[in-house]
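One structure below.
Every number in this text was worked out from the coordinates using simple rules, so none of it is lab data. Keep in mind that this is a model prediction, so the values were computed, not measured. Here the Cβ positions follow ideal geometry from the backbone for every residue, glycine too, while neighbour counts run over all protein chains shown.
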């Protein structure tokens, strides 16, 4: 969050919200909280809010807004290796919102439910908000003790990312230029694809995992800080879509923008070098492309994530990503980190 | 919710949201959703939103706002007979909100945590809202199959209510007249007392239960409709605080206002006549006063809840309570009701 009084958001979380957590399985540093549920399963909880004109375009169709709200939360479950089970909705609307909008919103949720294997469990709808504020709380499960975490990366691990990076930013740009755009990056911005199958396939394989919601560099940074390691990323190895490749041709600033742009909803994860075959199998099973993009090193002074270009020069990243939410990157040591719950960072766009 | 297009809210829920649920333990008609979790426990989920200037006074202290947000949700858990476990926060704030406000908000949560035996599990904070929109998702548990429901009342059952009715409304009035008021109803409005001990003590005893958030008549109506019965309430038997008694002296309109006012966060419940002793024991164990206020009858045409005064005349209640949220009183038969999840109604005040 932006703090008018100037307090750093991470300090704010550490001071105000971390003390409200306990040491019982919840993790402030992860994409979602993990709570023991039964002898066989842990439950995974996450919540994300979208505000009209901030997190979605005010004139985006309601079914698309619903799909995005669901998928943003599902992406957090994916990053934990969890299977979706159910969700609760809290919808605060202006009094002027029309029934047709709600009809579209419900249709957008309905269209995705079977595909993602979850159902609406409950909710609360209120009017009186000046702008629509839409909150979804997602509940999933993992076999006990198998949730993917951010704090498990070790020096020597390789760094991987799924899919293409940068299409979140390109998609928003495309949509701003043409509100009817619905192919390539625009389609992926409208309906991001949560990497649920990949996340589940990475259980027992990846040493750490996060979803790319704030931007690749920022989310890799969340892993680095939670794990107490440094990550070196090779910019030339980062997978770009055809639109992304065209966009960065000869423009390093544009490449930096894609690496920090966010809203990609891919998974960035680490694994020991000897897991390369298992990762290839997981990617094949999940039918999701995975690319190796870097390596973990012992923790160091300076930036937790360093990006080098094809010539080996360090790319100066002056803004690692949007971190306006209660960010996961609380700068506490990994041991403490293991005892605090998840807080998601929401990327904002003015 | 108020629908600008004029569609009835219950019809809206039945049409739009009920189809998103499944038949797996979730209940649209209850205060919270019940989902099987382990061999021994069910988990109970509820979510409630408060909007600045709608659900709380814009100048209310932040710690009090936090306490109320927590307790409103805890009251839903109480109505299910559940023990609180954890919660997720989604806080959407205007950019101008000061760190001091957040500090007070966190302090208000912290002050209650030990008392209610729960912890923060995760959250999301965003800026960009025009007014603060605060959502809490509460998670609790009950021994398997023992959650209290709204649909279990049977003809012949007695109707009971805990504590005093009407102090929610009186407290708001007192606070509007004097923003420093903090005794009697004003104190109870500021920090309502969720009836958790009573709810848990009523497991296996009460046939149906709801919390009084929308108003006694409205919430009794939720039980009546979910159960397919009619409830007759004796206005003279409804327990009022000293301030309540003083307020209604010789003023039937005022009595009607208290019976429909809401924000009381007491429990209204039913039980067979032969459970009277068990209820007295539950009340004593929970150290919570309980009063018998009416009786359940077979379903009938006309109002689901009829209130008669001391002379046996029917009190005309033209507005049963505030039902601006996704209300629980979906007019579907009880059998269908058992398969749909919870939606809380939030009372709004302009």
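Descriptive notes on the structure:
- Ascending distances from the residue A:301 label point to its copies in the other chains, with the point 7 Å along the Cα-to-beta-carbon line: 8.6 nm.
- What the Cβ-Cβ distance of residue B:193 and residue A:193 gives, at R0 = 60 Å and to the nearest 0.05, is a FRET efficiency of 0.85.
- Number of partner chain Cβ atoms within 10 Å, mean per residue of B:111-120: 3
- Three-way shape call for the range B:179-218 based on the alpha-carbon gyration tensor, with the a/c threshold at 1.5: oblate
- By the count of other C-beta atoms within 10 Å, a proxy for reagent exposure, B:80, B:50 are ordered fewest to most as B:50, B:80.
- Summary of packing: across the peptides A:183-192, B:169-178, B:224-233, the per-residue average of other C-beta atoms within 10 Å ranks them, highest first, as B:224-233, A:183-192, B:169-178.
- Sites residue B:316 and residue B:182, calculated FRET efficiency, Cβ-Cβ separation with R0 45 Å, nearest 0.05: 0.80
- As a rough footprinting exposure proxy, the listed residues B:137, B:21 were ranked by other beta carbons within 10 Å of their own, and the order from fewest upward is B:21, B:137.
- With label points defined 7 Å past Cα in the direction of Cβ, position residue B:284 shows copy-to-copy spacings of 7.1 nm, given to one decimal and shortest first.
- When each of the peptides A:271-281, B:287-297 is scored by how many other beta carbons lie within 10 Å of its residues on average, the order from highest to lowest is B:287-297, A:271-281.
- Whole-angstrom gap from the range B:137-157 to the range A:57-92, using each part's C-alpha centre: 29
- The range A:239-300 and the range B:281-311: distance between their alpha carbon centers, rounded to Å: 62
- Shielding by partners - mean other protein chain Cβ count within 10 Å, residues of A:53-65: 1
- Cα centroid separation, the range A:206-235 to the range A:158-197 (Å): 20
- Cα-projected label distance for residue A:300 with residue B:234, points at 7 Å along beta-carbon direction, nm: 8.1
- Sorted by Cβ density within 10 Å, fewest first, the residues A:165, A:51: A:51, A:165
- Across the identical copies, the 7 Å label point of residue A:253, projected outward along Cα→Cβ, sits 6.8 nm from its counterparts, in ascending order.
- Residue A:100 paired with residue A:249, simple spin-label distance in nm, labels 7 Å along Cα-to-beta-carbon: 4.2
- In angstrom, the C-alpha Rg and Dmax of the range B:245-309 are 14.7, 39.
- Gyration tensor verdict on the range B:26-143 (Cα atoms; rounded if a/c is under 1.5, prolate if a/b is larger than b/c, oblate otherwise): prolate
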